[in-house]
Amino acid sequence: MSNEKDRLGEQLQERRRAEEDRYFEQQNRAAIERLRARQKSGTTPAPAGARCPRDGEALVERTEEGTTIDVCPKCEGVWLDKGELEQLARRERNSWVGRLIFGLVKP
């Protein structure tokens, strides 16, 4: 009788593992689909831990005219790193933004 109990316990453990594997497989598929949708829309997740300073939402990267910028999907704020800001300023050197930036940042 103890062999039967052991075998039944093993079967239950195997079933739990199978259900757990199935759950994580579904989670992975859903994550992959979200990434594919972001790629189609032209947005990708920003580097790990990049959060919007306003509302704490995870930022996504978007490429606009050759410059990668971080965008908050919630408040639609746009956040630039120093290199991205300088890249935009060089391209827009004669605009008010370029003059403002180059007045603050050395070329």
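The values are calculated or read from the model by the stated rules, or taken from the named source; none is laboratory data. A quick note: this is a predicted structure, and the numbers were derived from the prediction, not measured. Methodologically, a virtual Cβ is constructed for each residue, glycine included, from the backbone with ideal geometry; neighbour enumeration extends over all protein chains shown.
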Subset of the range 76-94 (residues that are among the polar types (S, T, N, Q) and within 14 Å of Glu64 (Cα to Cα)): Gln87
Qualifying residue in the range 78-89 (condition: modelled with pLDDT under 85, at positive phi and not in a helix (DSSP H, G or I)): no
Selection count, the range 79-99, where residues are in contact with a Lys or Arg (Cβ under 9 Å, 6 or more places away or on another chain) and exposed (fewer than 14 other Cβ atoms within 10 Å of the Cβ): 2
Failed condition for Arg38, given (1) of a type outside the set (Phe, Trp, Tyr); (2) at pLDDT 75 or above; (3) touching a Ser or Thr at 6+ places or on another chain (Cβ under 9 Å): (2)
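Taking the condition out of contact with any Asp or Glu (no Cβ under 8 Å at 6 or more places or on another chain), assigned to a loop (DSSP other than H, G, I, E, B) and modelled with pLDDT under 75, does Gly103 pass? Lay out the reasoning, then the answer.
On the way: out of contact with any Asp or Glu (no Cβ under 8 Å at 6 or more places or on another chain): yes; assigned to a loop (DSSP other than H, G, I, E, B): no; modelled with pLDDT under 75: yes.
So Gly103 does not fit the description; no.
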